[in-house]
Amino acid sequence: MKIGLGGGCHWCTEAVFKAVNGVHNVRQGYISAKKSPDQFFEGIILEYNPELVKLEDLILIHLKTHQSMKDHSMRHKYRSAVYVFHKMDLEKNSKALKIISNSIGAKIVTKVLELASFEESRPEIRNYYQTDPQRPFCTKYIKPKLDLLFKEFKGLLEEQC
């Protein structure tokens, strides 16, 4: 199965989902929706095995590892969204998002959108966290997200985390 996610910096989102068991082939880059195909936002495309990790768990991780509950000044660059590849998946993902939103008791700004296109980041910035986790950006922004992931979702993580 494939899904696109956007919300914060694609380096952060990439690092978070590379740590989740059942997720593979995480690609970071710039993503657009069919509603606004000329407008690109940072995001990732990931493939996952639904026998190892549920869609609802992926969405919950996504909501908890970026600012999904408020608009902010960087929304022009970081759209909070779940991107689907097929129109028929819009309803299924919207339902999952609504159930999760209700369960956490907070209004979220995240939208479910049909993917228009994806442009992968240039090779030298891919796997940003994995190539040097001691970079100042990594220690300031990515490491706290991974710490939260380990604290709240330990059962869903790859063993090396």
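The values are calculated or read from the model by the stated rules, or taken from the named source; none is laboratory data. Treat the numbers as computed from the prediction; the structure is a model and nothing was measured. All Cβ positions, glycine included, derive from the backbone under ideal geometry; neighbour counts span all protein chains shown.
Filter region 104-113 down to residues that are touching a helix residue (DSSP H, G or I) at 6+ places or on another chain (Cβ under 8 Å) and either acidic (Asp, Glu) or over 13 Å from residue 33 (Cβ atoms) (or both) and give me whichever is surrounded by the fewest Cβ atoms within 10 Å (Cβ to Cβ).
Going through the qualifying residues, I end up with 107.
Any residue in region 1-29 that's in contact (Cβ under 8 Å) with a residue 12 or more places away in the chain and of a type in the set (Ser, Thr, Tyr): show its pairings with residues that are in a helix (DSSP H, G or I) and surrounded by fewer than 22 Cβ atoms within 10 Å (Cβ to Cβ) at Cβ separation under 9 Å, as long as the two are six or more apart or on different chains.
Partner pairs satisfying both residue conditions: 13/145.
How many residues does region 1-32 contain that are within 20 Å of residue 54 (Cβ to Cβ) and among the polar types (S, T, N, Q)?
Within region 1-32, residues that are within 20 Å of residue 54 (Cβ to Cβ) and among the polar types (S, T, N, Q) number 3.
Check whether at least one residue in region 130-142 is within 21 Å of residue 22 (Cα to Cα), out of contact with any strand residue (DSSP E or B) (no Cβ under 8 Å at 6 or more places or on another chain) and at pLDDT 95 or above, and report yes or no.
Yes, the conditions are met somewhere in region 130-142.
Return the total of residues in region 46-85 being of a type outside the set (Val, Ile, Thr), part of a loop (DSSP other than H, G, I, E, B) and touching a Leu at 6+ places or on another chain (Cβ under 7 Å).
Total satisfying the criteria: 1.
Could you check region 1-46 and list, in sequence order, the residues that are β-branched (Val, Ile, Thr) and farther than 16 Å from residue 77 by Cα?
Selection gives 3, 16, 20, 23, 26, 45.
Which of (1) surrounded by fewer than 16 Cβ atoms within 10 Å (Cβ to Cβ); (2) over 26 Å from residue 33 (Cα atoms); (3) modelled with pLDDT of 95 or more does residue 154 not meet, given it meets every other one?
All conditions pass for residue 154, except number (3).
Give me the residue from region 42-77 that is closer than 18 Å to residue 113 by Cα, among the acidic types (Asp, Glu) and surrounded by fewer than 21 Cβ atoms within 10 Å (Cβ to Cβ) and, out of that set, modelled with the highest pLDDT.
The extreme case among them is 47.
Would you be able to tell me the number of residues in region 114-134 that are surrounded by 10 or more Cβ atoms within 10 Å (Cβ to Cβ) and either out of contact with any Ser or Thr (no Cβ under 9 Å at 6 or more places or on another chain) or in a helix (DSSP H, G or I) (or both)?
Residues flagged as surrounded by 10 or more Cβ atoms within 10 Å (Cβ to Cβ) and either out of contact with any Ser or Thr (no Cβ under 9 Å at 6 or more places or on another chain) or in a helix (DSSP H, G or I) (or both) within region 114-134 amount to 11.
Please find, among 101, 80, 32, the residue that is at pLDDT below 95, of a type outside the set (D, E, K, R), closer than 17 Å to residue 13 by Cβ and surrounded by 14 or more Cβ atoms within 10 Å (Cβ to Cβ).
After ruling out the rest, the residue left standing is 80.
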